[in-house]
1. Working out 0.36 nm times the residue gap between Lys89 and Ser322, then minus their Cα-Cα distance, what length gain in nm do you get to one decimal?
2. Please compute the modelled spin-label separation between Lys182 and Asp35, points set 7 Å along Cα→Cβ, answer in nm with one decimal.
3. Looking at the square roots a ≥ b ≥ c of the eigenvalues of the Cα gyration tensor of segment 215-266, which shape do they give, rounded for a/c under 1.5, prolate if a/b is larger than b/c, or oblate?
4. Please state the charge dipole magnitude for segment 29-104, taken about the Cα centre, from unit charges on C-beta atoms (+1 on K and R, -1 on D and E), reported in debye and rounded to the nearest 20.
5. I need the calculated FRET efficiency for the pair Glu122 and Lys58, taking r as the beta carbon distance and R₀ as 45 Å, to the nearest 0.05.
6. Assuming a ≥ b ≥ c are the square roots of the Cα gyration tensor eigenvalues, decide whether the chain counts as rounded (a/c under 1.5), prolate (otherwise, with a/b larger than b/c) or oblate.
7. Which angle between 0 and 90 degrees, to the nearest 10, do you get for helix 66-75 versus the longest principal axis of the chain when only C-alpha atoms count?
8. Any idea how far apart Glu244 and Asp145 come out in nm if each label point goes 7 Å out from Cα toward Cβ?
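Derivation of every value follows stated rules applied to the coordinates shown; laboratory data play no part. Please read all numbers here as calculations on a predicted model, not as lab measurements. As a convention, Cβ positions derive from the backbone with ideal geometry for all residues, glycine included, and neighbour counts pool all protein chains shown.
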Amino acid sequence: MKRVILYIILGILLVGGYFAFNIYQKVFTPNVNSDLPNNGYVFIPTNSSFEEVMEQFKEQGIVKNLSSFEWTAKQMSYAKNPMRAGRYKIEPNWSNRTLVSHLRGGVQAPVRMAIHNKWAIEDVAGLLASQLEADSLDFVKVFLDEDFLAEFDLKKETAMTAFIPDTYDFYWNTTPKKVFSKMISYRDKFWNEERLAKAKKLGLTKEEVYTMASIVEKETNKNDEKDRVAGVYYNRYRKGMRLEADPTAKFASGNYKLSRILYSHLEIDSPYNTYIYAGLPPGPIYMSSQSSIEKTLNLEHHDYIYFCAKPGGTGYHAFAKSYRQHLNNAAKYHAYSRLQRQKKRNNK
């Protein structure tokens with residue numbers, strides 16, 4: 001009798017051990033594949049169901065044994081609808097327990113993005129949509145929503161001033177409204193008391209400084225010349241003259257790939273075309289760099305009213321106080337350009 005009882009106990013222990021070992025295998029042994037797609041990044045869209053996540057894991061081959069992952073996920077209360085969205089970095093050979101804990105905890109890998117060099121809000125939207133969950137139309141809709149912009153004392157014409165070029169971190173599933181709000185928080189930090197005081201001294205709002213800086217940005221890529229170029233436009237602005245800036249005509253054309261500005265472009269009737277209308281455009285014509293904003297805030301005070309490209313192809317400009325001097329500078333540049341074209345033809 002005692003032997004029977006002993007066999008029963010041993011049988012129970014063996015069965016229990018088997019189940020315990022099976023559970024251990026499901027939960028703690030490596031189950032994430034060693035060869036992961038997307039460099040180990042898993043994207044779980046907003047409002048995904050658990051079944052959709054399981055299907056994604058199956059299609060992408062995230063785990064070796066899908067059923068053991070499913071069992072662990074349910075035991076750890078990860079399986080729910082909707083699932084926790086985001087972009088997650090996972091590592092090869094993780095156990096189900098480690099993987100589920102990581103996803104359940106919402107430990108997202110942020111998306112690092114350089115935001116710069118964009119002509120229009122639509123271009124910014126395209127950049128953001130290329131790396132975040134929302135599509136470009138969602139971003140455009142929010143960024144040009146006048147009621148939403150009014151919360152930040154902005155209009156669709158000045159929406160670009162919310163973007164101070166830099167490198168930013170976003171969570172992949174950050175909504176367009178939260179993206180814009182984050183940019184506003186960075187903008188407000190950039191526009192500290194010192195910069196605001198400089199803008200006020202110039203008689204400009206921060207949006208107007210940004211707008212003027214956006215023109216400077218597209219007029220010269222020489223950082224040591226930007227303050228002088230800004231000074232020219234400031235002089236014209238104060239005198240009530242038309243700024244006559246080629247980049248504004250390019251922006252007004254809507255063709256940002258133009259390599260040459262023709263007379264026909266200068267005649268485009270747009271409030272952004274400073275060949276037609278005096279004063280600053282209604283808003284920026286480009287995403288101004290921080291250096292252009294700084295150079296505009298600290299513009300060079302001088303008597304120059306005109307400038308044109310210098311001969312030599314250096315990228316620098318010749319500045320003039322009178323129109324006669326400007327015509328003389330322009331003649332020198334055109335003569336240089338004709339000579340270069342002639343040399344090019346002779347070398348063919």
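1. Stretched out fully, the Lys89 to Ser322 stretch lengthens by 77.7 nm.
2. 3.4
3. Note, shape of segment 215-266 comes out oblate.
4. 300
5. Plugging the Cβ-Cβ distance into 1/(1 + (r/R0)^6) gives 0.75.
6. prolate
7. 90
8. 4.4
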